[in-house]
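Scroll down for the structure; my scribbles are underneath it.
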Amino acid sequence: MTTFEKNYDHKKNDKIYVNWETNWYFKENDDAKNWNFFIPLPPPNVTWVLHIGHAQMLTIEDIMVRYNRMIWKKTLWIPWTDHAWISTQVVVEKKLKKEKNLTRQQLWRVKFLEEVWNFVKQSRSTIISQSKKMWASLDWSKEQFTLSERNFRAVRKVFKELYNKNKIYKSSYMTNWCPRCQTVLSDLEVLMKEWQGKLVYIKYFITWKWDSITVATTRPETMFADVAIAVNPSDKRYKKYIWKTVQIPIVNREIPVIGDYDVDISFWTWALKITPTHDKADFEIAKRHNLPMDLYAIDKDWNLTDMCWNFAWTNAENAVELVIDYLENIWNIDKVEDYTHNVPRCERCDTLVQPLVSEQWFMDIQEAWDKSMQAIEKWEVNVVPSRFNKTFYQWLWNLQPWCISRQLWWGHRIPVWTCKNWHKNVFDEDIVLEKYKNTENKWNVWLDMMIFNLIADSKLENPFNIEKLIEVLYQDSFVKAQWKVYESYIESYRLKSKELWKYEKELEKLQKILESVKSEDVDMIIEAGNDLATYLMASLFLKPNDDTYFFELTCSECWDTELVQEEDTLDTWFSSWLWPFTVLWRPEKTDLLKEFYPNTVLETWYDIIFFWVARMMIMSYENMWWNEEKNNFDWKPFENVYLHWLVRDEKWKKMSKSKWNVIDPLDKIKDYGADPLRLSLVLWTTPGNDLNFSDDKLDYNNRFLNKLWNASRFVFNKAEIEDSDWIIYEELYSLLKENKEQLTSFDTWILSWLDELIEQVQDSMDKFYFWEAFVNVQKYVWNKFCDWYIEISKYDDGPFTPTVLLYALWTIYKLLHPVVPFITEALWAKMKFGWNLMMSNFPNKLWIQRDETIDLLVDIIIWLRTLRSKNNIKPHQKIDIFIENFKDTKISKYEDILKKIVVVWNILEKDNWDIITDIIWNQKIWIIIPESEVNYKDRLRELENLLLEEEQFLNWIRKLLSSPGFKQNANENVVKQKESKKEEIEAKILKIKEEISKLKIKLK
């Protein structure tokens, strides 16, 4: 026997989620009949604790996914996390220093990365647990990580292809250098902050003359690396000095005076010191004039270099005052002023960032850039909201070569090996296939590929012994669904072997050996160990030395075998830019990739459009094509880009730990449950516009869900569900469809509005107007179903009213399920509607015609209730009312219901002066109240305000109808509707004026 508790217990949500997950409801449905729908999760950093922004992201994406499951699309939502290069490494370095008093350099690379992997595995489990508590119906069996075995392989393959196309290159260029993190940063990882500094006017004396050129600078400490003084050739004051030389103060090194039209003659002293290795603008000027680029005043540790005279090795920040003092002593200072300006700081550690010319790896992809521009121009990719198309286009237009290298250990190590003759070689695992291609012995190819990848990933030191190799292969893969590391490789290689069928048997043999290595059978372990040793000895790459093996790579140009891999790693965004296809198991040509690429939707924050969304488009156009399908494969990464908003606090302030206004979504889930939080993150906002979040919104949505729960309890008892069997939707639908004639007017009224709601919701969801869809459902549930239909069903109970109640609830649960999945799933089970709401389909319309008389009746009741309240008439005090020509109206047949709901004695047939009057649907309504309680002045004021509003509206309609363009372009039905509305308003205005006249007479 089913019982219906008085209140919903949100603490049971975990059980509901476990039920969904254990029944594999989050996987793609192979029986789905419609198009595919795929949305990969934008990866949260693995070191983070999920915040309210992630809760919002998960809500929006879960809404999309659940809705598309219900409209019977083959739906896939894949979770993944990002390795977060700088933040992760910094956290682990601090942890090592605090707990073991060690630096990463003391551990060496492989040992340090083992520490990072241990930390990351713990952090990942926290993120997954939080994501599940935040309701995400992700397919956890396909979970990805940017440093998974598969992604390591994919990144190397893409890097190699781009390098071979000359689109990745190494060059000296101006970069942002963080002395604390000891790495370059992208412009987007640098924050500009206000700084109280000094503006120093330094005199540079002309060689062999007493004349001087004064230069104003905020960085006097860099003058030791100056290579020129630049003046504007059109400036008569300095034109005569061009191609003469000046002397750098203190060190007296001569540098030329050059002419450059970029020098602003209205700025400061009309001259610039050119220090190309420490200033971006100076770097561009130096390139134009072919000036030296090899002089550095500041090193990577933020200390002055040995070219800075007695200031060498002094901290650059401390050196500023020392240099100023010395210049003043030798009369090279004109003046010093306090100066406030913005300086670059590291987003991660807030260290002052140093503009520094350094040799880095860059990527330049012009062809893919052009295709991305065309995709935006031709609307091949739908951006929601569309106003961001312009922003997208402008950013692509100003695209510069990307610096993709970082001086870190945690991340994708750059797959470049340099020989002793400085030849550069880019390798991926295919180097193994190439070497075995022309040999008879092919049975060792798979193990050598594994070993190459482990060494390239810095997971296995080179050289290594067999025990260490087995240890690494048997480590847990970061992605739990892939078991052990070797199993992850086997899984990928099994897909690869479909292309390389002649190697398939060798892969099966290797799998059996590796499985036997950890067997409980001693004989099997010994045999497997011997087989593995045989494999290693037969390798074309491994050179044995006692009990160790060295994996030997050969230079493709000089055949040197002493190759050294690049120490730097790739920017974390490099792997994230490949996300649209690597998350579908690229580099292999998997069925998932062919089925779900391009991605249906990319959903992300609007402020990430520049450095992630645009670059994903570029990388997809560059990499996503297969030769045999080049002409008909859709290269674009996604069909739609949905840009959601930022969540701010209730005062519209940006959330920040320093402001103590950060909201932990798990705290709100603990207090309210997930459903009210989800509603609060979706309603009252639109794409691309920020949302202010408050507990008031949570309370409001919690009351709404309580209302839904109580309404369901009422129907549960009225329909006597407690002892009934399962209720089948098809039977309810057919029963109502076949008995339309026997439905009451109230039944058809609520069902017709429900038909309209189904259409509205589907239209809004298809347009990504989620807030609109659920606001409409909320209004229907609160304002029509609960407040009216349930209330009226107590007085007007037709033969099919219980069926209508059940059908309406059944549909409401379905419409609300994408946004409030837990309470709707719980109610679905309580009402015996079937096994699982999550796997049900989207509701169909009944195509019921609405009787608008009920809308009139509802409006009249609302007005009468409002008037009772305004005049302090007690709820149970009966009154008399007057409705003009009541007996001749369609609502006369509802007289009994009207009297019961409004608590009325009589509905009068004649006019009465001691009344309060209003016009509803062009119908005059009067309520008769005691003379002492009538406030005619207030009523007159109300009617005059109403008259003003209606006259303004009438003027607008008249102007619209008199416009030639409107009648020419508007649909004929629309024109008729406006003309009918004009006549209705004119009639209403006449009646309002009549009532105003009566009240004015009464007040005399």
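For the reader, a short list of remarks on this structure follows.
- From the list 402, 397, the lone residue that is at pLDDT below 95 and within 30 Å of residue 114 (Cα to Cα) is 402.
- Here is the figure for the range 258-279: residues that are surrounded by 15 or more Cβ atoms within 10 Å (Cβ to Cβ) and out of contact with any Asp or Glu (no Cβ under 8 Å at 6 or more places or on another chain) total 7.
- The range 794-821 residues that are closer than 22 Å to residue 15 by Cβ, paired with ones that are in a loop (DSSP other than H, G, I, E, B) and open to solvent by 10 Å² or more (accessible area, probe 1.4 Å) (beta carbon under 7 Å, 6 or more apart): 814/840; 814/842
- Cross-chain or 6+ apart pairs with Cβ under 7 Å, the range 12-32 first and farther than 15 Å from residue 65 by Cα and of a type in the set (A, V, I, L, M), then open to solvent by less than 40 Å² (accessible area, probe 1.4 Å) and not in a loop (DSSP other than H, G, I, E, B): 16/822; 16/825; 16/826
- Answer from 128, 86, 52 - the residue that is within 23 Å of residue 583 (Cβ to Cβ) and open to solvent by less than 20 Å² (accessible area, probe 1.4 Å): 86
- Residues within the range 744-761 that are out of contact with any helix residue (DSSP H, G or I) (no Cβ under 7 Å at 6 or more places or on another chain) and not β-branched (Val, Ile, Thr), tallied: 4
- Residue within the range 136-153 that is more than 18 Å from residue 821 (Cβ to Cβ), in a loop (DSSP other than H, G, I, E, B) and charged (D, E, K, R) present: yes
- For the residues 459, 442, 484, 496, the requirement of being open to solvent by 40 Å² or more (accessible area, probe 1.4 Å) and basic (Lys, Arg) singles out 484.
- Residues satisfying the criterion are absent from the range 433-442 (criterion: part of a loop (DSSP other than H, G, I, E, B) and among the hydrophobic types (A, V, I, L, M, F, W, C)).
- Out of 14, 30, one residue alone is in a loop (DSSP other than H, G, I, E, B) and open to solvent by 70 Å² or more (accessible area, probe 1.4 Å). It is 30.
- The residues of the range 574-586 that are over 23 Å from residue 87 (Cα atoms) and either of a type in the set (Gly, Ala, Ser) or open to solvent by 20 Å² or more (accessible area, probe 1.4 Å) (or both), listed by number, are 585, 586.
- The range 176-242 holds strands (runs of 3 or more DSSP E) entirely within its bounds, and those carrying 3 or more residues that are at pLDDT 90 or above and not polar (S, T, N, Q) map to 190-206, 212-217, 228-231.
- Number of positions in the range 252-304 that are touching a residue at least 40 places away in the same chain (Cβ under 8 Å) and in a loop (DSSP other than H, G, I, E, B): 17
- Residues of the range 525-573 that are open to solvent by less than 70 Å² (accessible area, probe 1.4 Å), of a type in the set (Phe, Trp, Tyr) and not in a helix (DSSP H, G or I): 541, 549, 551.
- Pairs with Cβ under 6 Å, 6+ apart, first in the range 701-723 and part of a helix (DSSP H, G or I), second aromatic (Phe, Trp, Tyr) and crowded, with 16+ Cβ neighbours inside 10 Å: 702/672; 709/8; 713/4; 716/4
- Being surrounded by fewer than 18 Cβ atoms within 10 Å (Cβ to Cβ), of a type outside the set (D, E, K, R), without any contact (Cβ under 8 Å) to a residue 24 or more places away in the chain and farther than 19 Å from residue 712 by Cβ is a description that applies to residue 734.
- Any hit, the range 363-372, residues being of a type in the set (Ser, Thr, Tyr) and either touching a strand residue (DSSP E or B) at 6+ places or on another chain (Cβ under 9 Å) or assigned to a loop (DSSP other than H, G, I, E, B) (or both): no
- Check on residue 206, open to solvent by less than 20 Å² (accessible area, probe 1.4 Å), out of contact with any Ser or Thr (no Cβ under 8 Å at 6 or more places or on another chain) and of a type in the set (A, V, I, L, M, F, W, C): no
- From the list 448, 428, the lone residue that is in contact with a Phe, Trp or Tyr (Cβ under 6 Å, 6 or more places away or on another chain) and either under 23 Å from residue 175 (Cβ atoms) or open to solvent by less than 20 Å² (accessible area, probe 1.4 Å) (or both) is 448.
- Within the range 989-1004, residues that are farther than 13 Å from residue 941 by Cα and touching a residue at least 24 places away in the same chain (Cβ under 8 Å) sit with their Cβ atoms under 6 Å from residues that are of a type in the set (Phe, Trp, Tyr) and surrounded by 13 or more Cβ atoms within 10 Å (Cβ to Cβ), at 6+ positions apart or across chains, in these pairs: 1002/936.
- If the condition is being touching a residue at least 60 places away in the same chain (Cβ under 8 Å), buried (at least 16 other Cβ atoms within 10 Å of the Cβ) and either under 12 Å from residue 898 (Cα atoms) or in contact with a Leu (Cβ under 8 Å, 6 or more places away or on another chain) (or both), then the range 846-862 contributes 846, 848, 854, 856, 858, 860.
Results for (1) out of contact with any Lys or Arg (no Cβ under 7 Å at 6 or more places or on another chain); (2) modelled with pLDDT of 85 or more; (3) farther than 30 Å from residue 877 by Cβ; (4) of a type outside the set (Lys, Arg), shown as yes or no for each residue.
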{"position": "920", "(1), (2), (3), (4)": "yes, no, no, yes"}
{"position": "928", "(1), (2), (3), (4)": "yes, no, no, yes"}
{"position": "942", "(1), (2), (3), (4)": "yes, no, no, yes"}
{"position": "957", "(1), (2), (3), (4)": "no, yes, yes, yes"}
{"position": "965", "(1), (2), (3), (4)": "yes, no, yes, yes"}
{"position": "998", "(1), (2), (3), (4)": "yes, no, no, no"}
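- Every condition in (1) over 29 Å from residue 595 (Cα atoms); (2) touching a His at 6+ places or on another chain (Cβ under 6 Å) holds for residue 60 except the one numbered (1).
- Answer from 708, 681, 754 - the residue that is in contact with a strand residue (DSSP E or B) (Cβ under 8 Å, 6 or more places away or on another chain) and open to solvent by less than 10 Å² (accessible area, probe 1.4 Å): 681
- Given (1) surrounded by fewer than 19 Cβ atoms within 10 Å (Cβ to Cβ); (2) touching a residue at least 40 places away in the same chain (Cβ under 8 Å), number of the condition residue 58 does not satisfy: (1)
- Residues that are surrounded by fewer than 23 Cβ atoms within 10 Å (Cβ to Cβ) and hydroxyl-bearing (Ser, Thr, Tyr), drawn from the range 795-823: 795, 801, 803
- In this structure, residue 141 qualifies as farther than 22 Å from residue 409 by Cβ, open to solvent by 20 Å² or more (accessible area, probe 1.4 Å), of a type in the set (Ser, Thr, Tyr) and touching a residue at least 12 places away in the same chain (Cβ under 8 Å).
The values are calculated or read from the model by the stated rules, or taken from the named source; none is laboratory data. Quick caveat: nothing in here was measured; it's all calculated off a predicted structure. No Cβ is skipped: glycine too gets one built from the backbone with ideal geometry, and neighbour counts run over all protein chains shown. SASA here: full protein model, heavy atoms, side chains in, ligands and nucleic acids out. Shrake-Rupley method; radii C 1.70, N 1.55, O 1.52, S 1.80 Å.
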